[in-house]
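A.B. asks: One structure, pasted below without further comment.
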Amino acid sequence: MITMPHQPSTVLFLCSGNYYRSRFAEHIFNTYIQDMSLSWIADSRGLIVDRLDSNLGPISRHALNGLAERGIPVPEPPRFPIQLLESDLAAANLVIALKEAEHRPMLTERFPQWSDHVEYWHIHDVDLALPTNALTALTREVTQLIQRLHTQTT
């Protein structure tokens, strides 16, 4: 009998442009989860990547700086933002939108059947919070998420 390797569960982080907050959360999660021997992996997408012209490259300098401060490398070359598709939502075991006031309306517009199946956090974008404050809050939320997932499996 051939046994197939176990696929890790996926948490999908969402933000508007998949440029700053969701990318930071993805990298923090994937680094921190390594020490927990949990079978989870993070990915990220943007809700309105196709409508934005403000992404100035593959990943925000704020995200890169925050990751560097925490000793977390970003694979080279970093990938560009990816637009969320319904198949991404269907494939994820857990979907987290990083700011409810901003992202619930976007989900309701684009994927109305999914908006109530998403966990919402309250992490401000750079227009409302300094990156150091937002990334500290995001690190705390990701750490709490990993602890919650660990508790659920033990």
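Bear in mind these aren't lab numbers, they're just calculated from the coordinates by the rules spelled out. Since this is a predicted model, take the numbers as computed values, not measurements. Please note: Cβ atoms are built from the backbone with ideal geometry, for glycine as well, and neighbour counts cover all protein chains shown.
A.B. asks: Charges on Cβ only, +1 for Lys and Arg, -1 for Asp and Glu, centred on the Cα centroid of the range 91-154; of LEU107, LEU149, VAL118, which one is farthest towards the dipole's positive end?
C.D. replies: Selected residue: LEU149.
A.B. asks: Spin-label point model (7 Å from Cα, Cβ direction): what's the GLN34 to ARG148 distance in nm?
C.D. replies: About 2.5 nm separates the two model spin labels.
A.B. asks: Tell me, what is a quarter of the convex hull surface for the C-alpha atoms of the range 20-153, in nm² with one decimal? All intermediate terms of the calculation are to be shown ahead of the outcome.
C.D. replies: Working: hull surface 33.0 nm².
Computed as one quarter of the Cα hull surface, the answer is 8.3 nm².
A.B. asks: Shifting gears a bit: Over the chain, what is the percentage of antiparallel beta bridges among all DSSP beta bridges, to the nearest 5?
C.D. replies: 5 percent
A.B. asks: Sorted by average packing, counted as other Cβ atoms within 10 angstrom per residue and highest first, what order do 28-36, 104-112 take? All intermediate terms of the calculation are to be shown ahead of the outcome.
C.D. replies: On the way: 28-36: 17.0, 104-112: 15.1.
Output ranking for 28-36, 104-112: 28-36, 104-112.
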